[in-house]
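What follows is a single structure, written as structure tokens, with notes after it.
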Ligand SMILES: Cc1cc2nc3c(=O)[nH]c(=O)nc-3n(C[C@H](O)[C@H](O)[C@H](O)COP(=O)(O)OP(=O)(O)OC[C@H]3O[C@@H](n4cnc5c(N)ncnc54)[C@H](O)[C@@H]3O)c2cc1C
């Protein structure tokens, strides 16, 4: 009888789970599978993890445990260093192989490498599968076989490749009895608490979100995706992050509905799928260039100085006002308050808030990157780094440094009725649209308790251009 381990990492589902399906198939009808998740003890104080994501993780694990139980299995929870815990589990159970889905980020890969070097000499198989992406890091290549550093040609090749169909749900899985397990984790295990309103966790909830989106907003995604006050996007990012749904399931569901849509709806579907491609583009970049986490991708801007605002010699005060949504720029503050309240932010609002930190406050994008990682329920290292470097103007395919979003015109264009602002800033609920959109009110408070704008955007825009120009010409630095 064959006994194998499936190590859950960021793939909390039993439907279309590549490595889990392979584990069940390898064990065979009479074999046993030990599904395990190893919680970390250190995530209570980690710079890049925070309560919203840990809370959602707890929900994912509770739902996964139920789903496994319904098909005859049992989720084993261990706590500590993944490699050591897996080593112990193998010794206790005599399992002969570990199955897992490959993690694209440098930290996940480092653990995989440690485990591999432990198991190889012992003749224990460690089988890593492709699951997180439709196309992994070595699949989407230029004609010369090199990787793309620019999105548009990458996406053309991505769309041209044959797509795998999603696999079925696992019907039966037998876990040996008597294996010790800790209880399902609670947020308090890490000494954390959260008041954020999060989406329901679990693969059924994720499938429901996908179903509602493809049957509804997907047809108008092209026109509505940037309107922050509308529910025009899929809200699937936390589901992809935790593997409650696979990108294959999303692609297949979108394609199925696309056929029945008029031309505009089909264009919208392609636009939506292009966002799934952005996710994979950033993942493959980080795979090939792990130094992106420390450095500006564009070598012109490497080592760039982020001096902060002259009026805020203590830049921690400016950073705090940004984090707390108290900059006096309603659209920026709405983004930061949505983040605090829900752990999720609309994509355009993320861009506006990120550009404000880097191009108006002149603070280092790495500060914002880490704060987003701590706060986002969908915190995905590759997409977050990509989004921050794009906004700072330092990344692959970034907005050129001289394209600096004006928070007032962004509001006019993408939140013209102030719906988004009023949803997240209660002080501004009774303020007229004209006041929300008028930068000339600079210096006056538009509502009691709400600050005046902390800076003059056009002056700081000029300063940004100067800072980048100086970086370009080292003699002037
Ligand atoms: C500064 C900044 C930080 C970001 N940090 C993250 C992050 O930590 N995690 C994260 O998943 N996304 C991040 N994004 C990308 C994007 O904002 C979110 O993926 C999107 O807002 C999620 O909402 P949605 O699921 O409704 O997206 P939809 O518009 O419905 O898109 C569908 C899916 O495509 C992917 N996607 C969409 N836009 C992007 C993008 N620009 N880059 C990469 N993938 C994308 C996501 O997986 C998303 O769920 C960031 C963007 C910026 C500008």
message: Being in contact with a helix residue (DSSP H, G or I) (Cβ under 9 Å, 6 or more places away or on another chain) and surrounded by fewer than 22 Cβ atoms within 10 Å (Cβ to Cβ) is true for just one of 408, 424. Which residue is that?
response: 408
- line: Inside region 370-426, the number of residues satisfying the requirement of being outside any helix (DSSP H, G or I), within 15 Å of the ligand (Cβ to nearest atom) and under 18 Å from residue 149 (Cβ atoms) is 7
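Table: residues versus (1) in the same structural domain as residue 218 (by TED's automatic domain parsing); (2) touching a residue at least 24 places away in the same chain (Cβ under 8 Å); (3) away from the ligand (no atom under 16 Å from the Cβ); (4) farther than 16 Å from residue 368 by Cβ.
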site: 276; (1), (2), (3), (4): yes, yes, no, yes
site: 280; (1), (2), (3), (4): yes, yes, no, yes
site: 283; (1), (2), (3), (4): yes, yes, no, yes
site: 293; (1), (2), (3), (4): no, yes, no, no
site: 304; (1), (2), (3), (4): no, yes, yes, no
site: 307; (1), (2), (3), (4): no, yes, yes, no
site: 310; (1), (2), (3), (4): no, no, yes, yes
site: 313; (1), (2), (3), (4): no, no, yes, yes
site: 318; (1), (2), (3), (4): no, yes, yes, no
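Taking the condition of being part of a loop (DSSP other than H, G, I, E, B) and more than 15 Å from residue 103 (Cβ to Cβ), how many residues in region 1-48 meet it?
Residues of region 1-48 part of a loop (DSSP other than H, G, I, E, B): 1-2, 9-14, 16-17, 28-31, 40-48.
Keeping just the survivors that are more than 15 Å from residue 103 (Cβ to Cβ) gives 1-2, 13-14, 16, 28-31, 41-47.
Final tally of qualifying residues: 16.
Among the residues that make up region 359-367, is at least one of them assigned to a helix (DSSP H, G or I), closer than 25 Å to residue 436 by Cα and either more than 11 Å from the ligand (Cβ to nearest atom) or modelled with pLDDT of 95 or more (or both)? Spell out the reasoning first.
Just the residues of region 359-367 that are assigned to a helix (DSSP H, G or I), to begin with: 359-360, 365-367.
Within this subset, residues satisfying the condition of being closer than 25 Å to residue 436 by Cα are 359-360.
Remaining after also requiring either more than 11 Å from the ligand (Cβ to nearest atom) or modelled with pLDDT of 95 or more (or both): 359-360.
Yes, some residue in region 359-367 is assigned to a helix (DSSP H, G or I), closer than 25 Å to residue 436 by Cα and either more than 11 Å from the ligand (Cβ to nearest atom) or modelled with pLDDT of 95 or more (or both).
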field: Out of 356, 297, 281, 372, sole residue that is modelled with pLDDT under 95, within 21 Å of the chain's Cα centre (by Cα) and surrounded by 17 or more Cβ atoms within 10 Å (Cβ to Cβ)
entry: 297
- line: Scanning region 139-151 residue by residue, those exposed (fewer than 13 other Cβ atoms within 10 Å of the Cβ) and touching a residue at least 60 places away in the same chain (Cβ under 8 Å) turn out to be 150
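Do the conditions hold for residue 80, that is, is it touching a residue at least 60 places away in the same chain (Cβ under 8 Å) and either in contact with a strand residue (DSSP E or B) (Cβ under 8 Å, 6 or more places away or on another chain) or surrounded by 17 or more Cβ atoms within 10 Å (Cβ to Cβ) (or both)? Reasoning before the result, please.
On the way: touching a residue at least 60 places away in the same chain (Cβ under 8 Å): no; either in contact with a strand residue (DSSP E or B) (Cβ under 8 Å, 6 or more places away or on another chain) or surrounded by 17 or more Cβ atoms within 10 Å (Cβ to Cβ) (or both): yes.
Against the criterion (touching a residue at least 60 places away in the same chain (Cβ under 8 Å) and either in contact with a strand residue (DSSP E or B) (Cβ under 8 Å, 6 or more places away or on another chain) or surrounded by 17 or more Cβ atoms within 10 Å (Cβ to Cβ) (or both)), residue 80 does not qualify.
Within region 336-347, how many residues are in contact (Cβ under 8 Å) with a residue 60 or more places away in the chain, within 14 Å of the ligand (Cβ to nearest atom) and part of a helix (DSSP H, G or I)? Write out each step before concluding.
Residues of region 336-347 that are in contact (Cβ under 8 Å) with a residue 60 or more places away in the chain, as a first pass: 337-338, 340-344, 346-347.
This time we only want the ones that are within 14 Å of the ligand (Cβ to nearest atom), so: 338, 342-344, 346-347.
Next, from what is left, pick out any that are part of a helix (DSSP H, G or I): 338, 342, 347.
Result for region 336-347: 3.
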- request: Sort out which residues of region 223-253 are over 20 Å from residue 136 (Cβ atoms), within 11 Å of the ligand (Cβ to nearest atom) and in a helix (DSSP H, G or I), and write them in order of number.
  value: 224, 238
query: Does any residue of region 184-205 turn out to be at negative phi, outside the structural domain of residue 372 (by TED's automatic domain parsing), away from the ligand (no atom under 12 Å from the Cβ) and out of contact with any helix residue (DSSP H, G or I) (no Cβ under 9 Å at 6 or more places or on another chain)?
result: yes
- prompt: Restricting attention to region 256-272, which residues are surrounded by fewer than 18 Cβ atoms within 10 Å (Cβ to Cβ) and within 23 Å of the chain's Cα centre (by Cα)?
  reply: 270, 271
query: Among the residues of region 112-121, is any touching a residue at least 60 places away in the same chain (Cβ under 8 Å) and closer than 29 Å to residue 379 by Cβ?
result: no
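Considering region 89-121 alone, what residues qualify as being part of a helix (DSSP H, G or I) and in contact with a strand residue (DSSP E or B) (Cβ under 8 Å, 6 or more places away or on another chain)? Break it down stepwise before answering.
Going residue by residue through region 89-121, those that are part of a helix (DSSP H, G or I) are 89-93, 106-121.
Once the filter is applied, which keeps residues that are part of a helix (DSSP H, G or I) and in contact with a strand residue (DSSP E or B) (Cβ under 8 Å, 6 or more places away or on another chain), region 89-121 yields 89, 90, 93, 112, 115, 116, 119, 120.
The values are calculated or read from the model by the stated rules, or taken from the named source; none is laboratory data. Computed from a prediction, not measured in an experiment: that's the story for all the values here. All Cβ positions, even for glycine, are placed from backbone atoms using ideal geometry, and neighbour counts span all protein chains on display.
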